[in-house]
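Notes for the one structure printed next.
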Amino acid sequence: MTPELGVCYYPEHWAEEIWADDARRMAEAGLTWVRIGEFAWSRMEPEAGRYTFGWLDRAIEVLGGAGLKVILGTPTATPPRWMLAKHPDMLALDAESRPRGFGSRRHYCFSHQGYRAECRAIVTKLAERYGANPHVAAWQLDNEYGCHDTTVSYSPAARAGFRDWLAQRYQSIDALNRAWGNVFWSMEYADFDEIDLPNLTVTEPNPAHAMAFRRFASDEVAAFNRAQAEILRRHTRAPLIHNYMGRVLDFDHFAVAADLDIASWDSYPLGFPLDRIEGSETFKERYLRQGDPDFQAFHHDLYRAVGRGRWWVMEQQPGPVNWAPWNVAPLDGMVRLWSWEAIAHGAEVVSYFRWRQAPFAQEQMHSGLLRPDSAPAPALAEARQVAEELNRIGEIVPARAPVAIVFDYASQWAWETQPQGADFNYFTLVFAAYRALRRAGLSVDFLPPDTRDFAGYGLVLAPGLFALPEGLAEALAGSGAEVLIGPRAGSKTDEFAIPVPLPPALPGLDAVVARVESLPPGDTVGVQGGGAFERWFEHLDGSAEMVLTTADGRAGAMRAGTLTYLAGWPDADLWDRLIATACEAADIPRAALPEGLRLRDAAQHRFAFNYGAAPVVFDGREIPAAGVAWWPR
């Protein structure tokens, strides 16, 4: 595979007279893909039923004539104003039952059937007109599902859809009452039509009710996406893509991806350390202009799994953004580093957002490859450098990592529903494990929770899985790999009840979680030999081998065969110990890395990325600040 570069472009924002020059400059910079159309519904259909595609015909012809391959977006993330007049009840409602109104984007409820019909209509028109167009080489469906907290809606349309979903899932109201334990607090229902959405209750709703609603909301995203995919499949052979986001886990991306060919995500490294990542102020200051050393890689690896091996970066940050608490400029070289890191993790395409900075509207402070006056912005030279380097390096073949993490979106919803400790968060737990693997110089794959074949992996981690899917524990225990599972794994049923026998109920492991406690900040459970448990600790009973012992003699981890169950949330030092021990047992080599350096192995190359602001030396090579290096494996 020879990776390629692209850019996001909005011809409707610019005078038609400059389109050809823009296309020429894109091609000269080494870009081969261009994404258009995903926000242009008001120009495609300015009035209900009146379509104006002439401008889009010409834009596609101009871009394609310059040798660029077009990614055409369906515009359903930005319904025009006339849509709201036609469907005044199409808006999502927030948890306080307030409407998510017109004036920006994503102002729709996934469950609104009238809006779905409008989406099918515009997608059909686009598919019929451009499905066989030789310049349209890929399709993007909608844009950033879930962005701005828009997955979950408490609208009348969602309530009707949820009731129907419940009736199909449980078949009888008695079965639902039993599954949810509604005898508690006299919450029993006589009919599905009595069930409301789990908001505006006096105190917390039944967690089984809340979890069912989260599953429903996720299924609605998948169904909304599927409706568009089915139309496009009838008219085009070009691949179908969606651009997911960083740390947006409100719906099951694996389920959405089942109807697509390629996963992509929108990578914005700056702002995340301040806005979305837990960490000390020292850490945030150290990586202020580079981004978190592991956040981008985490999502590269996750979306490679979501896309079943095929994935892109649809939007790569090129400079200061407009949405973070503070919007700094990247360190010189970081746009090149971010691009190469995605490529090393298997990206087929890295596409920059955007070609020219807009001088108007909400994103006018968001950088592009060009300034608003069309002069080059600093990132253009770095993008051109990456294109030149790609021409020299040739094919880059992805390789299976020695380590895998089982990732489960439903576990995020479960621990949001019942965290038990205010800072217990599934993503944060998994990310802590991922960080430790990266600190050890390891490449990592993610796997969906329905995986049963772990051949080729020496180490598998499954932290925080709220309910163990049928067959997973047996497959892990029999995989031959070293397995680290827990904490809190298998601690609930699918219906959000504590299972009996008590967890973890793992094959061959005589261990029972007798009691749990969540630990407030500053309170830890020390472990003999170094490190500690923080945030969460479980009191284990049983005769299984104790492989970690707390400072006061309790079980910190218990083991049977190659399976180790963790009784708590390890701090960074303990994670490092656990990874070192597991890698030694699995005969997986680690690396001692300088601060800020990260590695990724492809089949024929080892890549190194220096997120630090100073040069480092590794394997006899000096790698400059914001530097990238690669050499044969």
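No lab work stands behind these numbers, since they all come straight from the coordinates. From a predicted model like this one, the values you see are computed outputs, not experimental measurements. Backbone-built Cβ (ideal geometry, glycine too); neighbour counts: all protein chains shown.
Rounded to the nearest 0.05, what FRET efficiency is calculated for residue 121 and residue 573 with R0 set to 60 Å and r the Cβ-Cβ distance?
Result of the calculation: an efficiency of 0.55.
Which Cα, out of 387, 442, 430, lies furthest along the positive dipole direction of the stretch 357-515 (beta carbon charges, K/R +1, D/E -1)?
Of 387, 442, 430, it is 442.
Considering every pair of different Cα atoms, what Kirkwood radius, in Å, is found for the stretch 178-332?
18.8
When the distances between all Cα atoms of the stretch 403-586 are binned every 5 Å from zero, what whole-number percent does each bin get?
1, 8, 19, 23, 23, 17, 7, 1, 0
Contact order normalised by length for the stretch 229-335, with contacts defined as Cα pairs under 8 Å and 6 or more residues apart; what percent is it?
31
Simple spin-label model, 7 Å along Cα-to-Cβ: residue 498 to residue 453 in nm?
In this crude label model, residue 498 to residue 453 measures out at 3.9 nm.
Per-residue counts of other Cβ atoms within 10 Å, averaged by peptide: what ranking do you get for 486-499, 297-310, 575-588, highest first?
Top of the packing list down: 297-310, 486-499, 575-588.
What net charge is computed for the residues neighbouring residue 136, neighbours being all others with C-beta under 10 Å from the C-beta of residue 136, Lys and Arg scored +1, Asp and Glu -1?
It works out to a net charge of +2.
How big is Rg to Rh over the stretch 568-627, alpha-carbon atoms, Rh as the Kirkwood inverse-mean-distance radius?
Rounded to two decimals, Rg over Rh is 1.04.
What order, most packed first, do the peptides 420-426, 534-540 have when packing is the mean number of other Cβ atoms within 10 Å of each residue?
Ranked by mean Cβ neighbours within 10 Å, highest first: 534-540, 420-426.
Got a sec? Charge dipole of the stretch 33-112, +1 on Cβ for Lys and Arg, -1 for Asp and Glu; which of 62, 77, 101 is way out at the positive end?
About the Cα centre, the residue reaching furthest to the positive side is 62.
Quick check: net charge around residue 229, other residues with Cβ under 14 Å of its Cβ, Lys/Arg +1 and Asp/Glu -1?
Combined, the nearby Lys, Arg, Asp and Glu give +2.
Principal axes first, then extents: for the Cα atoms of the chain, list largest minus smallest coordinate on each axis, whole Å, largest first.
Answer, in whole Å and largest first: 77, 72, 40 Å.
For residue 21 and residue 554, calculate 0.36 nm times their separation in residues minus their Cα-Cα distance, and state this gained length in nm to one decimal.
Full-extension gain reported as 184.9 nm.
What list of ³J(HN,Hα) couplings, whole Hz, do you get for the stretch 610-616 from phi and the Karplus terms 6.51, -1.76, 1.60, once you set θ to phi - 60° and write x for glycine and proline?
Taking θ as phi minus 60°, the curve returns 9, 7, x, 8, 9, x, 10 Hz for the stretch 610-616.
Which FRET efficiency value, to the nearest 0.05, is calculated for residue 332 and residue 13 with the Förster distance at 45 angstrom and r the Cβ-Cβ distance?
0.95
Which whole-number percent gives the relative contact order of the chain, counting Cα pairs below 8 Å spaced six or more residues apart?
Answer for the chain is 11 percent.
How large is the dipole of the chain about the Cα centre if only Lys and Arg carry +1 and Asp and Glu carry -1, each at its Cβ, rounded to the nearest 20 debye?
1380
Could you work out the pair-distance distribution P(r) of the stretch 277-416 from its alpha-carbon pairs, with 10 angstrom bin width and percents rounded to whole numbers?
Spelled out bin by bin, the stretch 277-416 gives 10, 34, 35, 18, 3 percent.
Assign unit charges at the C-beta atoms only (+1 for Lys and Arg, -1 for Asp and Glu), then state the dipole size of the stretch 403-586 relative to its Cα centre in Debye, rounded to the nearest 20.
I would put it at about 260 debye.
So, how do all the Cα-to-Cα distances of the stretch 1-95 break down into 10 Å bins, in percent, from 0 on up?
15, 41, 25, 14, 5
Express the Stokes-Einstein translational diffusion coefficient of the stretch 129-173 in µm² s⁻¹, to the nearest whole number, given a Kirkwood radius over alpha-carbon pairs, 37 °C and a viscosity of 0.692 mPa s.
Estimated via Stokes-Einstein, D reaches 231 µm²/s.
Which FRET efficiency value, to the nearest 0.05, is calculated for residue 104 and residue 385 with the Förster distance at 51 angstrom and r the Cβ-Cβ distance?
So, using R0 = 51 Å, E works out to roughly 0.90.
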